[in-house]
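We did not get these values from a lab; they are worked out from the coordinates using the rules stated. For clarity, every value in this text was computed on a predicted model and none was experimentally measured. Because the Cβ atoms are built from the backbone with ideal geometry, glycine has one as well, and the counts that use them run over all protein chains shown.
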Amino acid sequence: MKQARRWLLLAAAMMLLPHGAYAQKKKPTKTATPAAAAGTGTTAPADADADQSAPAAGATPPANADQPAAPANADATEATPPPGGDTAGAGAGGMDICTITPDLPQCQAAKEVNMGAEAKKAVRAEIYAVQQQYVIKAQRFEIMPYFAVTLNDQFVSHDAPGLALNYYITQVLAVGLNGNWYDGLNSEQDFNFQNRRAARIAVPLNDYQVSGDLNFTYVPMYGKFAGFGDFIFHYDAYIDGGVGLIRTKPVAVIDPDNRKFDWNNLVNFDVGIGFRIFFNRWLAAILEVRDIIYSERIESTTIAQGSTTLPLNSLQNPLNPATWYDQGTHITNDVQLQLGLSFFLPTSFEYRLPK
Amino acid sequence: MKRRFVSAVLAVLAMAAILTAWGRADAQELQVTGPLKGAPAVRQLRLYREGRLEIAPTISFTLLDEYRRTILAGAQLNYAIKDWIAIGVWGAAGVVSSPTDLSDQINKVAPRDPLTAVNVIHSGTPYGNNGSVPNFDQQTAQMQYVIAPQITFIPFRGKLAIFNKVFVDADFYAAGGVGFVGIKERGNCTACSTPQSFQLASSTKVAPTFGVGFKFYPAGWWSLGVEYRALPFSWNLSGFDSRGSGPGGNFPDQKIDSQDESFVFNQMVTISLGFYLPTEPKISE
């Protein structure tokens with residue numbers, strides 16, 4: 001029992017021992033030297049971005065005062081010091097950025113850029129405020145599955161899964177197709193029933209089956225946000241518009257005994273505005289509001305007063321389909337909110353010029 | 001006594017050693033080295049909100065209205081304790097209230113007869129005709145005012161480029177609080193087929209309110225905001241007798257009371273123009 005204090009003290013010392021093992025000698029403070037500036041001759045890392053990965057073995061290592069010494073037992077690739085100050089660290093207990101996000105373009109393959117050859121290339125005279133956007137969309141395909149919910153129809157909701165396929169001709173302009181499948185998801189609201197029962201009126205309703213459009217997309221805005229002052233993500237905003245077809249049919253509300261509607265093909269125009277948040281350089285989340293505008297064919301609120309035994313082409317016969325539709329023009333806006341994902345293919349790209 | 005003291009000190013030291021050892025073992029963080037080691041995500045950030053008072057006139061437009069749409073004019077007053085949190089209040093009054101097309105259609109088409117006498121306003125015996133005065137929209141509920149103390153969180157702060165020419169700072173925020181909503185809806189009645197029973201009565205609803213929005217800062221002393229907001233609560237928008245009897249109380253009972261209210265999300269979009277005091281924002285390190 002008298003030894004208890006000594007054992008406790010020994011236990012405390014043993015627990016504290018690992019702290020000593022983690023301690024490192026303080027490095028001499030030196031100002032970081034930009035890798036490119038310190039490069040020798042005409043070879044330099046292709047990109048001095050903070051995301052820069054380590055080049056493959058054999059690449060000319062830039063001088064950097066913060067570079068840790070390569071461990072003696074490291075293999076050839078690991079032994080090559082990385083170019084950027086914050087991307088080093090494998091030998092110092094740090095972590096290579098390429099081990100975290102191996103899909104980064106600069107991690108796909110080691111590369112060297114001949115600065116002399118690059119300097120001879122034609123350079124666009126226009127200088128952009130942001131020289132390298134996070135995602136290059138030009139000449140890439142975008143596959144965008146989404147789910148759309150109705151925003152403006154209190155009577156019937158037309159929710160739908162959808163798919164958009166776009167090809168970006170330039171960084172800001174794309175052409176593509178999109179389609180929505182509504183059939184089976186049209187949902188009449190209780191609100192209609194309440195109105196019919198209370199006021200003895202019926203509102204003509206329509207179901208949708210499918211729609212498809214040829215669209216052009218323009219991306220006028222992009223930017224980035226810092227989240228909680230800690231991480232940064234990139235986004236862009238786009239507008240799109242096009243023309244296509246939508247198949248709809250009235251729900252027989254006024255005379256359901258005699259009216260059996262079939263689907264109608266109607267020309268529609270669509271316009272939208274969307275917001276895309278990039279998770280990485282090929283995957284993003286999208287949020288879009290789209291208005292599908294078309295001239296709807298709705299059920300007539302009047303019923304032919306003749307007998308059903310009259311000739312079928314008689315306008316007095318309630319079985320005559322010509323009497324089922326309202327003759328007026330009904331411009332309809334189906335405003336929907338789309339939430340989905342955006343996949344860019346190919347998943348990697350190369351910047352035309354070093355940053 | 002001395003022995004007990006030494007034992008206690010040793011025990012505390014041992015416990016501290018164990019706890020600190022556990023803490024160290026769990027801290028497997030990404031080791032960033034080089035010039036960016038320990039650096040914040042953004043340097044020299046303009047702190048548009050921190051320590052500043054925001055006075056923002058607002059105009060709000062209700063969305064997805066069934067019988068009546070409302071435009072509310074008001075203002076927000078916010079004080080940001082930090083750049084990511086602010087406390088404040090939003091107040092607005094309904095300045096424009098107009099019937100929807102559905103209200104017009106009901107007024108025009110709905111018959112005035114004994115079957116609709118409880119639900120559709122009429123001029124008395126013998127009920128009047130379709131489209132007659134008084135109009136149906138006189139029985140539909142109206143939003144009079146909103147006062148909402150709220151807390152605003154600003155998790156995202158950034159910038160955007162428009163046409164590669166115009167650059168503005170922006171932030172994204174979420175606000176939540178309690179809304180005190182002054183409304184007018186058809187008053188409770190038991191003899192509800194008389195013209196007098198269609199008169200509106202004032203009341204105050206207490207409801208949660210929440211919204212998300214963007215603020216754009218073209219300059220340090222003013223901003224432009226766009227916000228989506230919801231004020232969910234139950235009220236009788238149409239003035240109909242919808243519930244109160246039968247199985248589950250889902251059938252009309254010829255009375256107007258709280259059972260005839262329906263839960264409505266009450267969505268709106270708000271545009272604001274914010275002005276800040278002091279006029280110069282702070283700059284982070």
Worksheet item: Can you give me the Cα centroid spacing of the stretch B:81-153 and the stretch A:263-279 in angstrom?
Response: 32 Å
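Sort A:116-122, B:248-254 by the packing proxy (mean of other Cβ within 10 Å over each peptide's residues), most packed first. Mind showing how you got there, number by number?
Values: A:116-122: 9.1, B:248-254: 13.6.
Per-residue Cβ counts within 10 Å, averaged per peptide and sorted highest first, yield B:248-254, A:116-122.
Can you tell me, using C-alpha contacts under 8 Å and at least 6 residues apart, the relative contact order of the stretch A:154-272 as a whole percent? Don't skip to the answer; put the middle values down first.
On the way: 245 pairs, mean separation 27.4, N = 119.
For the stretch A:154-272, the relative contact order is 23 percent.
Please identify every one of the trypsin sites (Lys or Arg not before Pro) in the stretch A:237-324 that sits in a loop by DSSP and has no more than 16 other beta carbons within 10 Å of its own beta carbon.
Details: sites: A:Arg247, A:Arg259, A:Lys260, A:Arg276, A:Arg281, A:Arg290, A:Arg297; in loops: A:Arg259, A:Lys260, A:Arg281, A:Arg297.
Passing both the DSSP loop test and the Cβ count: A:Lys260.
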Worksheet item: Shape of the stretch A:188-262 from its Cα gyration tensor (a ≥ b ≥ c, root eigenvalues): rounded if a/c is under 1.5, otherwise prolate when a/b > b/c, or oblate?
Response: oblate
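Among residues other than B:Ser245 whose Cβ falls under 12 Å from its Cβ, what is the net charge (Lys/Arg +1, Asp/Glu -1)? Please list the in-between numbers first.
On the way: positive: B:Arg243, B:Lys255; negative: B:Asp241, B:Asp253, B:Asp257, B:Asp260.
Once positives and negatives cancel, what remains is -2.
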Worksheet entry | Separation of alpha-carbon centers, the stretch B:186-234 and the stretch A:236-252, rounded to whole Å | 31 Å
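List the chymotrypsin sites (Phe, Trp or Tyr not before Pro) in the stretch B:152-240 that DSSP assigns to loop (not H, G, I, E or B) and whose Cβ has at most 13 other Cβ atoms within 10 Å. Which are they?
Working: sites: B:Phe153, B:Phe156, B:Phe163, B:Phe167, B:Phe172, B:Tyr173, B:Phe180, B:Phe198, B:Phe210, B:Phe214, B:Phe216, B:Trp221, B:Trp222, B:Tyr228, B:Phe233, B:Trp235, B:Phe240; in loops: B:Phe163, B:Trp221, B:Phe240.
Filter output for the stretch B:152-240: B:Phe163.
Could you pull out the pairs from A:Lys120/B:Lys165; A:Lys224/B:Lys82; B:Lys82/B:Lys159; B:Lys108/B:Lys205 whose alpha carbons sit more than 26 Å apart here? Mind dumping the intermediate values first?
Values: A:Lys120/B:Lys165 28 Å; A:Lys224/B:Lys82 21 Å; B:Lys82/B:Lys159 19 Å; B:Lys108/B:Lys205 31 Å.
With Cα atoms farther than 26 Å apart: A:Lys120/B:Lys165; B:Lys108/B:Lys205.
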Worksheet item: Which three lengths, in whole Å and largest first, does the stretch B:43-283 cover when its Cα atoms are put on their principal axes?
Response: 74, 34, 28
Worksheet item: What are the chymotrypsin sites (Phe, Trp or Tyr not before Pro) within the stretch A:213-317 that DSSP puts in a loop, where the Cβ has at most 15 other Cβ atoms within 10 Å?
Response: A:Phe228, A:Trp263, A:Phe279
